[in-house]
Amino acid sequence: MNARDAELFEQARPRLLGLAYRMLGSRADAEDAVQDCFLKWSRADRAPIVEPAAWLTTVCTRRCLDLLRAARRRRVDYVGSWLPEPLHAATPDDGEAAGLASTLTTAFLLMLERLSPKERAAYLLREIFDQPYPAIAATLAIDEAACRKLVSRARAHVDAGKARHHTPAETQDRLLDAFHAAILSGSPEPLAELLSADIRLTADGGGKASAILGVLEGQYRVLGFIRHAHKWWDGFDWTAADINGARGAILRRDGAPVLTLTFAYDAAGRIAHIFIMRNPDKLGRLGPARIR
């Protein structure tokens, strides 16, 4: 592989990683998929490849479909609630890029989990990465009419879930600060007006760290959790950070991450869902990521 071909791949890497992460919900699996794509690119005959970007997208998507099917079989035995692996990536300020970052949120990725693998791929390629229908159909080895139906069904599911809306950064910071204050004081009552009435809390320990196994629903139960978290999280170093396209927090002990915290928001700008990652396997790759 010559220097030009290597440069073409590196230019495509952030986009491929973004596609793979949204497909798989795992940075580790996404990086594996992109590495597999690189190996195929390095060995490929360049002569028939007219559009390298399209070729790379197709190879990466097909590899992700294989990995996604295998991952779903493994999750049958997962202990407790499954959440996507947290991604520590800077959130852009401009409108278009910020809209793209909103498709990295935990709430959006969980919405995608409700789609079939091909629906998920078709939706992402069309709605997020703006690929033409004929190219998506070729990638998925289906006809264009079937491809359009996949995208339409997926779009209806995503729109019904209301997982895609942008909450201003200043609102996110204000709510994160209020949540932090409630944890520090052990008195969550002032936080109640900032929570939606049907607030939910989900934690992922993967059977390897202490975490609630079910989903807490309603203000009474969630506020009770926050009241007790005052002593559970005592002594952790709290750092605000951009996680999954939004403001969140990383809690560390002796420099090592032991917990990440992110939110989903309702249309009124209140916290609608609290996501807590405790699984140490998913916290191991929390370094900054270059992703589109």
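The values are calculated or read from the model by the stated rules, or taken from the named source; none is laboratory data. Values in this document were obtained by computation on a predicted structure and should not be read as measured data. Don't worry about glycine lacking a Cβ; one is built from the backbone with ideal geometry, like all the others, and counts go over all protein chains shown. For accessibility, only protein heavy atoms count, side chains too; no ligands or nucleic acids. Shrake-Rupley method; radii C 1.70, N 1.55, O 1.52, S 1.80 Å.
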Expected output for region 201-217 (first residue free of Cβ contacts under 8 Å to residues at least 60 places away in the same chain, partner of a type outside the set (A, V, I, L, M), Cβ below 9 Å, 6+ apart or cross-chain) is Leu216/Arg200; Leu216/Thr202; Leu216/Gly224; Leu216/Phe225; Glu217/Asp198; Glu217/Arg200
Within region 166-178, residues being farther than 16 Å from Ala241 by Cβ, open to solvent by 50 Å² or more (accessible area, probe 1.4 Å) and either touching a Lys or Arg at 6+ places or on another chain (Cβ under 8 Å) or not in a helix (DSSP H, G or I) (or both) number 2
Considering residues that are part of a loop (DSSP other than H, G, I, E, B), acidic (Asp, Glu) and either touching a helix residue (DSSP H, G or I) at 6+ places or on another chain (Cβ under 7 Å) or open to solvent by 60 Å² or more (accessible area, probe 1.4 Å) (or both), the number found within region 110-158 is 2
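On the given criteria, is Ala107 exposed (fewer than 15 other Cβ atoms within 10 Å of the Cβ), on the phi < 0 side of the Ramachandran plot and at pLDDT 90 or above?
Working: exposed (fewer than 15 other Cβ atoms within 10 Å of the Cβ): no; on the phi < 0 side of the Ramachandran plot: yes; at pLDDT 90 or above: yes.
Answer is no for this residue.
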Restricted to region 179-211 and to residues being within 19 Å of Pro257 (Cβ to Cβ) and part of a loop (DSSP other than H, G, I, E, B), the residue modelled with the highest pLDDT is Gly205
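Just one of Ala211, Ala249, Ala256, Ala272 is open to solvent by less than 10 Å² (accessible area, probe 1.4 Å) and within 30 Å of Arg74 (Cβ to Cβ); which is it? Let's see the steps before the verdict.
Details: Ala211 fails: open to solvent by less than 10 Å² (accessible area, probe 1.4 Å); Ala256 fails: open to solvent by less than 10 Å² (accessible area, probe 1.4 Å); Ala272 fails: open to solvent by less than 10 Å² (accessible area, probe 1.4 Å).
Testing whether each residue is open to solvent by less than 10 Å² (accessible area, probe 1.4 Å) and within 30 Å of Arg74 (Cβ to Cβ) leaves just Ala249.
Can you list the strands (runs of 3 or more DSSP E) lying wholly within region 231-292 that have 2 or more residues being within 15 Å of Leu104 (Cα to Cα)?
On the way: elements: 237-243, 246-253, 256-265, 271-277.
Hits in region 231-292: 237-243, 246-253, 256-265.
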Out of (1) at positive phi; (2) buried (at least 21 other Cβ atoms within 10 Å of the Cβ), the one Gly80 does not meet is (2)
Counting only residues that are of a type in the set (Asp, Glu) and under 16 Å from Ala121 (Cα atoms), region 15-67 contains a total of 2
